[in-house]
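All remarks here apply to the structure that follows.
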Amino acid sequence: MIRVSIVEDDNDLRKTLELIVAESNVCCLVEAYANAEVFLSELNFQIPEVVIMDIELPGMNGIICVEKAKAKYPEIQFVMFTIFDDDESVFQSLCSGATGYLLKNSTPENIISGISEIFSGGSPMSPQIARRVIEQFSAKRKISKDVLLLTQREKEILDLLALGYRYKEIATKLFLSVETVRTHIRNIYEKLQVQSRTEALNKVYNSK
């Protein structure tokens, strides 16, 4: 079972998310919070594997919260919960360490599917946002020597991940099975010592 926490200030929406997670057969609810400050204060005692994080929160916003939490617990995967899929805040969230995002009008099935995808190494985001992320990394950083750890096939898959392709789309494009793609991605993350696509791109395009 995937351990999930929720940070959402809208009471009705938070309760809906709690119900969706609690009724899932692949997730279990750790805790739900109305603000970032309480979430961070209790993180030492309640460590989830995936966090659904609202961007616009009272007090500390979701972007800063992700940045603070990832600095201490890099293994936690954050999925931003947002109204629009092309919002500047989504882009900033991903650059701060979020793994992907879900739209607030997503169906319960899509929410659970997104959580499962993130937990298994995927990063749901639109190709437009993904391109902005990789362009941001490319503009500010030189390619790291860590890329030399990857095989040519792994580099191809990382490039496609950077462009927003999902596992099934990569499998189709490269004439591979989805499971083979998953294996390559696990190998990429292991070699780069990262937990997500965003972290992998950050590692590869890190000038240090």
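None of the figures in this text is laboratory data; all of them are computed from the coordinates on show. These numbers come from a predicted model, not from an experiment. Don't worry about glycine lacking a Cβ; one is built from the backbone with ideal geometry, like all the others, and counts go over all protein chains shown.
What is the fewest-to-most order of THR82, THR16, THR107, THR172 by other Cβ atoms lying within 10 Å of their Cβ?
Working: THR82 20, THR16 16, THR107 10, THR172 13.
Least to most surrounded, the residues fall as THR107, THR172, THR16, THR82.
Please give the FRET efficiency for GLU75 paired with VAL178, using the beta carbon to beta carbon distance and R0 = 25 Å, rounded to the nearest 0.05.
Numbers: r = 24 Å, r/R0 = 0.97.
Efficiency, from the Cβ-Cβ distance: 0.55.
Once the Cβ-Cβ distance between LEU13 and GLU169 is put in as r, and R0 is 30 Å, what FRET efficiency do you end up with, to the nearest 0.05?
Working: r = 30 Å, r/R0 = 1.00.
So the FRET efficiency works out to roughly 0.50.
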Worksheet item: If you wrap the chain's Cα atoms in a convex hull and average its projection over all directions, what's the area in nm²?
Response: 11.1 nm²
Discussion item. Skipping prolines and chain starts, which residues have an amide H placed within reach, meaning under 5 Å, of the one on ILE2, given they are 5 or more residues away or on another chain?
Written reply: CYS27, CYS28
Response to the item:
With -39,500 (n - 2.57) per DSSP H segment of 4 or more residues and division by the full residue count of the chain, the 222 nm estimate, nearest 500 deg cm²/dmol, is -15500 deg cm²/dmol
Fill in: All lysines inside 17 Å of LYS203 as judged from Cα atoms, apart from same-chain residues fewer than 8 positions distant
LYS70, LYS140, LYS142, LYS145, LYS155, LYS191
Worksheet item: Ranked by Cβ crowding within 10 angstrom, fewest neighbours first, how are LYS145, LYS191, LYS203 ordered?
Response: LYS145, LYS191, LYS203
Worksheet item: Can you list residues whose amide H is under 5 Å from LEU102's amide H, if they're 5+ apart or on another chain and H is modeled 1.01 Å from N?
Response: MET80, PHE81, THR82
